[in-house]
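Undergrad: Below are the structure tokens for one structure; questions will follow.
What follows draws every value from the coordinates through simple rules; no lab data is involved. For clarity, every value in this text was computed on a predicted model and none was experimentally measured. Positions of Cβ are backbone-derived with ideal geometry, glycine not excepted, and every protein chain shown enters the neighbour counts.
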Amino acid sequence: MLDLSSITNAMQPKTMAARDWVFHVIRSAIVQGVLPGGMPLRQDEISESLSVSHIPVREALRQLEAQGLVRIYPNRGAVVTKLTAQELSNIMDIRIMLELGALKNALHKIDKIVIEKAREIYELSLIENDYNRLEELNLKLHFTLYQPADNPELMQLIDQFHANVDRYIRPYYSDIKLHKSSLDEHLQLINACERRDVGLATAVLRTHLEQTKNMLMNSPVLN
């Protein structure tokens with residue numbers, strides 16, 4: 001039987017609409033590798049595991065298909081997508097362009113409050129040991145710096161591409177050296193943003209994301 005208890009136990013209480021809750025549970029399971037690429041997603045099993053009817057499950061799977069995390073085949077049902085190396089490379093190239101654009105648009109609006117929030121997230125990352133929580137903090141820090149761009153549609157696209165590649169970088173989370181390097185780059189990025197140094201901030205972000213791309217292209221999950 002499909003077991004999603006590790007995801008549901010970690011999530012907040014089910015206060016949102018059933019479709020949205022199911023969407024977030026399955027999305028988190030895919031991103032965290034609980035549901036690996038190529039795995040069939042059977043509505044009966046998901047409904048039973050989450051104690052919901054088929055309707056919210058079906059609607060959630062359609063949402064996930066729109067985000068590229070699931071593919072629905074006629075007469076076969078839904079399957080977790082499994083990206084090729086070329087697809088992964090293309091997604092990262094798009095993500096780099098989107099995030100650089102978001103940062104450039106945000107920089108002239110970044111204020112003291114944004115920088116203080118980014119530093120708080122950075123400090124939390126220094127003492128956090130849970131890999132899933134670390135990834136949440138990583139994305140939260142990036143989004144905090146991009147938020148002044150005031151473009152929710154852009155943030156949604158970045159989040160979507162991030163979810164598609166995150167599952168392929170998780171094998172590196174336990175690498176202490178890489179983790180320290182990422183934290184150092186985050187601090188450099190915050191400092192550059194505080195000075196509103198567009199050239200330095202975008203250079204640091206580009207290097208940060210290019211290194212992520214290089215790791216992804218060698219991810220064991222691709223094989």
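Undergrad: Taking the chain as a Gaussian network, where each spring joins two C-alpha atoms under 10 Å apart, which residue of E87, E153, E185 fluctuates the most?
TA: Most flexible of the set in this elastic network: E153.
Undergrad: Still on this structure, I have one more. Can you compute the helix-only [θ] at 222 nm over the chain? Use -39500 (n - 2.57) per DSSP H run of at least 4 residues, normalise by all residues, nearest 500 deg cm²/dmol.
TA: On the way: 10 runs with 151 residues, N = 223.
Dividing the helical sum by the residues of the chain leaves -22000 deg cm²/dmol.
Undergrad: State the answer as a single residue: which of A85, N9, P56 lies farthest towards the positive end of the charge dipole of the chain, with beta carbon charges of +1 for Lys and Arg and -1 for Asp and Glu, about the Cα centre.
TA: A85
Undergrad: Using the Cα centre as the reference, give the magnitude of the dipole from point charges on the C-beta atoms of the range 1-132 (Lys, Arg: +1; Asp, Glu: -1; all else neutral), rounded to the nearest 20 debye. Kindly include the intermediate steps, with their values, before the conclusion.
TA: On the way: 15 positive and 16 negative charges, 85 e Å.
Roughly 400 debye, rounded to the nearest 20.
Undergrad: Okay, moving on. Treating only the Cβ of Lys, Arg, Asp and Glu as charged (+1, +1, -1, -1), what charge dipole size does the range 5-80 show about its Cα centre? Round to the nearest 20 debye. The partial results should precede the final answer.
TA: Details: 8 positive and 6 negative charges, 30 e Å.
Value, rounded to 20: 140 debye.
Undergrad: Next question. Tell me, how many Å apart are the Cα centres for the range 9-79 and for the range 197-216?
TA: Their Cα centres are 33 Å away from one another.
Undergrad: How many nm is it between the label spots at S6 and A66, if each spot is 7 Å from the Cα in line with the beta carbon?
TA: Reported label-point gap for S6 and A66 is 2.9 nm.
Undergrad: Related question: Comparing T144, T212, T15, which has the greatest mean-square fluctuation in the GNM of the chain with Cα pairs linked when under 10 Å apart?
TA: Most flexible of the set in this elastic network: T15.
Undergrad: Now for a different question. At 0.36 nm per residue, minus the direct Cα-Cα distance, what do L154 and N214 gain on full extension? Give it in nm, one decimal, please. Please report the intermediate quantities before stating the final value.
TA: Details: separation 60, 0.36 × 60 = 21.60 nm, distance 2.38 nm.
Additional length available on full extension: 19.2 nm.
Undergrad: Which order do the peptides 58-65, 106-113 come out in when sorted by mean C-beta neighbours inside 10 angstrom, highest first?
TA: Numbers: 58-65: 18.8, 106-113: 14.0.
Packing order, densest peptide first, comes out as 58-65, 106-113.
Undergrad: Here's another thing I want to ask about it. Between (1) 46, 38, 36; (2) 54, 38, 31; (3) 57, 32, 32, which matches Cα extents along the principal axes in Å calculated for the structure shown?
TA: (2)
Undergrad: Residues of the range 142-164 with amide nitrogen under 13 Å from the 7 Å Cα-to-Cβ point of K109?
TA: So the set is 144-155.
Undergrad: Another one. With point charges of +1 on the Cβ of Lys and Arg and -1 on the Cβ of Asp and Glu, referenced to the Cα centre of the range 85-222, which listed residue (V204, Y131, Y168) lies farthest in the positive direction of the dipole?
TA: Among V204, Y131, Y168, the one farthest towards the positive end of the dipole of the range 85-222 is V204.
Undergrad: May I pose another question? Give me the dipole magnitude in Debye, nearest 20, for the chain about the Cα centre, with unit charges on the beta carbon: positive for Lys and Arg, negative for Asp and Glu. Please list the in-between numbers first.
TA: Details: 25 positive and 28 negative charges, 63 e Å.
My answer is approximately 300 debye.
Undergrad: Normalised by the number of residues in the range 59-218, what is the relative contact order in percent for Cα pairs under 8 Å and 6+ residues apart? Don't jump to the answer; show the numbers that get you there.
TA: On the way: 135 pairs, mean separation 46.9, N = 160.
This gives 29 percent for the range 59-218.
Undergrad: Order of 40-51, 186-197 by packing, highest average Cβ count within 10 Å first? Write down the numbers at each step before the final one.
TA: Values: 40-51: 16.2, 186-197: 18.2.
So the peptides 40-51, 186-197, ranked by packing, come out 186-197, 40-51.
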